[in-house]
1. Take the conditions within 10 Å of chain A (Cβ to nearest Cβ), of a type outside the set (A, V, I, L, M) and surrounded by 13 or more Cβ atoms within 10 Å (Cβ to Cβ) and apply them to B:PRO46. Does it pass?
2. Quickly run through region B:209-237 and pick out the residues that are touching a residue at least 60 places away in the same chain (Cβ under 8 Å), open to solvent by 10 Å² or more (accessible area, probe 1.4 Å) and over 29 Å from the mean Cα position of the chain (by Cα).
3. Scan region B:53-71 and tell me whether some residue there is farther than 30 Å from B:SER148 by Cβ and in contact (Cβ under 8 Å) with a residue 60 or more places away in the chain.
4. Name the residues in region B:325-358 that are closer than 17 Å to B:ALA243 by Cβ and aromatic (Phe, Trp, Tyr), would you?
5. Tell me which strands (runs of 3 or more DSSP E) are completely within region A:107-214 and hold 1 or more residues being basic (Lys, Arg) and in contact (Cβ under 8 Å) with a residue 60 or more places away in the chain, or say none if there are none.
6. Only one of A:VAL310, A:VAL318 is away from every other protein chain (no Cβ under 14 Å), of a type in the set (Val, Ile, Thr) and either open to solvent by 10 Å² or more (accessible area, probe 1.4 Å) or touching a helix residue (DSSP H, G or I) at 6+ places or on another chain (Cβ under 7 Å) (or both); which?
7. Does region B:11-29 include one or more residues that are loosely packed, with under 15 Cβ neighbours inside 10 Å and either within 20 Å of the chain's Cα centre (by Cα) or not in a helix (DSSP H, G or I) (or both)?
8. Do you know which residues across region B:250-282 are out of contact with any Phe, Trp or Tyr (no Cβ under 8 Å at 6 or more places or on another chain) and either under 24 Å from A:GLN274 (Cα atoms) or at the interface with chain A (Cβ under 8 Å from one of its Cβ atoms) (or both)?
Amino acid sequence: MSKKRKAKKSGISAGALSGIILVMVLAGAGITGTLALNSIYRGPYKAYTRHLLETMDEGSLQYKAAGLFYSQAELDAIRNPQLTDQSEQSAEVPSADQDAIEIIDLKGTTFEGKLMIVHDPSRVFVACNPNMDSGAPGYSVEKYIQDNNAIAGINAGGFEDAGGNGNGGTAYGIVIHDGKLISGTPGEFTPVIGINNANQLVVGDMTAQQALDYDIRDAVTFGPVFIKNWEVVFETGRHPGLNPRTVIGQRYDGAFLLMVLDGRQPSSFGSTYQDIIDIMQQYDAVNAANLDGGNSTVMVYDGETLNTTVSIKGDRRVPTAFIVK
Amino acid sequence: MSKKQGIPTGTALAMIGLILAIVIGASAGVLALVNGKMSAYEKTTPDAALQAYMKQIEKQDYTELYQQFQTRTGSLSSEADFTAAMNTIYGDVDFKDLNYVKDDKSAEGYEGTYGVYSKGRKVSTLNLRKENETWLVETVMQSSGNLSYLIDAPAEAQVKVNGILLGSDYVKETKVPAGTFDRYKTSSAAPTVTRYQISELMSQPEITAEGYVVVKDAYEERFYVGQAASGEIKSAGEKTMTAIAEAAARYATGDGGLGTLTGYFLSGSEFAAKIRTMDNQWYTGHAGVKFENAEVLDLIQIGEHDLVGKVIFDYTVLSNTYGNRTYHCGYQIVLTHSSGSWKAIDLVVNNDLNPANN
């Protein structure tokens, strides 16, 4: 009997070794390639990567390789960024809210005061004593505001006030309210401070009938007129001195300027006409006129009196007020 | 008997080890080459400088950036203002994945302005320039500030704004009457000062001058540099200012005469001329008045014979009928020494000086 001796293998065959080496080299190349691509497309050298992504040709091998690391949307965003320049957007100055009412503190060398800027001129009206010229007293500005469902107001025209004891019942000059002559006669020629149906402040000397013909819906009598069509029309040389002041003006964009300057008090001695003109010009008034000042000067906003009235009794009864609805 | 001879195991393992080492070495070499190429490219671009700058901002490390800003622009704004302005620009920026896009791509080179984009939205503009082979980066601010001030100081005073010494570039006028005399007709009597003008400030600055006291005017955007009043001058100044304040308040409410008040003023004073036109007869009748809590603040000497200071006080009008009313008042008063006594040339109302109003 012959026994075949099994062939005895010693060591590793050349083929197996070759296979191992080949696998190692291929694996090494694959790992190296992956690491290299990762470094190029997602590595720390962002400037290089961005430059590569922005400049590679679509369909190129580089572009296809990039597809392994980025979605199509990401690639598109990098190559064609949709960039918005927020600085251009923010350069647009937002216009003030048309419904806005601004209150600004004013200071001069001898006075303090308040300026109310009403951006929507259609909100400003004249409120008047419902019992005008009957002898019945006028109301406080606060009451005119409440009765008309308004939010703010200042005193407006003058009234018969012998000895400072007037009750605001009888208006000085003319009063037009809601397009009707409430006080005064049609032929009465006085300084008129009014608002027409285009919500423009109209100032000047005229008769009541002329004011109605000019389409003025609300008006009072007082003065002087300081600024008319941008020009200062009042000579301040012989001004009546330091006093509390109430003033109405209108800006080029239609915003009303309602102003009170306190006076006759230790905390605010008063202002001159020149002070008024300076402030109205500072706030770009096209027209501006004086309203009844002195102890009548008052500004009310949202139930609160914003200035310090001269009298420690509080504000006076007046026949008319400019109110803001 | 046949015997297949393979490569001895030891030899095979050695060969495998060698190949492995070669593969690893070659791999490392390739990766080093690739990274080296990218690193070299990056060094030619300013991205590293831009990113380093944004890293500083992300950490809110503004001190060095402020110094750079101040050196380049000569701005007098404080570091706090600069920090506030930077926080306004970068406060809500997401610093991950920022992109830098040159505004003018057609321009050659890297210098110029770059938009900084976060998620496609521009958050700021950077200005990039090269100086001594170093990239310098700075945020372009819309405005470095819009506040302006005057400073009246003695000619020899070294005036600093936010710690920065003012040079001759900021001198507007020399040997001019101090601003305290603006409302007094006879300016020839005024002490003379050097007037500085500073502008483009983001907030009210801190003004200092060694050896002097600096106070702000109660009406204008102006500072006065002077000596702190002391000794007899201080006590006389305080007494006179307090008396003037009381006289003015009493005149307004009808409790004092006009002559008493104007007697403290030199003729030529604008305030004295104006107060004569104030009619005090309309003040409501009352039981009495109280002048209390008077205090003189910020009293300084401008020149040898002139004082400016602020007096605050409470003035109560007593009325059982209508209730008491208290005014918390503040005045700035300017005094000049004339014919052996202190006389006023100006009074300005500013009730914000009285803390009771705040």
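1. Taking the combined requirement at face value, the residue satisfies it.
2. B:ILE233, B:LYS234, B:ALA236, listed by residue number.
3. The initial filter retains those residues of region B:53-71 that are farther than 30 Å from B:SER148 by Cβ, namely B:53-56, B:58-59, B:61.
Okay, now just the ones that are also in contact (Cβ under 8 Å) with a residue 60 or more places away in the chain, so B:53-54.
Yes: one or more hits.
4. Selection gives B:TYR331, B:TRP342.
5. In region A:107-214, A:112-118 are the strands (runs of 3 or more DSSP E) which contain 1 or more residues that are basic (Lys, Arg) and in contact (Cβ under 8 Å) with a residue 60 or more places away in the chain.
6. Only one candidate qualifies: A:VAL318.
7. no
8. Of the residues in region B:250-282, the ones out of contact with any Phe, Trp or Tyr (no Cβ under 8 Å at 6 or more places or on another chain) are B:251, B:255-256, B:259, B:262-264, B:267, B:273, B:276-277, B:279, B:281-282.
B:TYR251, B:THR262, B:SER267, B:ALA273, B:ARG276, B:THR277, B:ASP279, B:GLN281, B:TRP282, listed by residue number.
The values are calculated or read from the model by the stated rules, or taken from the named source; none is laboratory data. What you see is a predicted model, and the numbers here were worked out from it, not measured in a lab. Cβ coordinates were reconstructed from backbone atoms using ideal geometry, including for glycine residues, and neighbour counts include every protein chain displayed. Accessible surface is based on the protein model in full, side chains and every heavy atom, while ligands, DNA and RNA are left aside. Shrake-Rupley method; radii C 1.70, N 1.55, O 1.52, S 1.80 Å.
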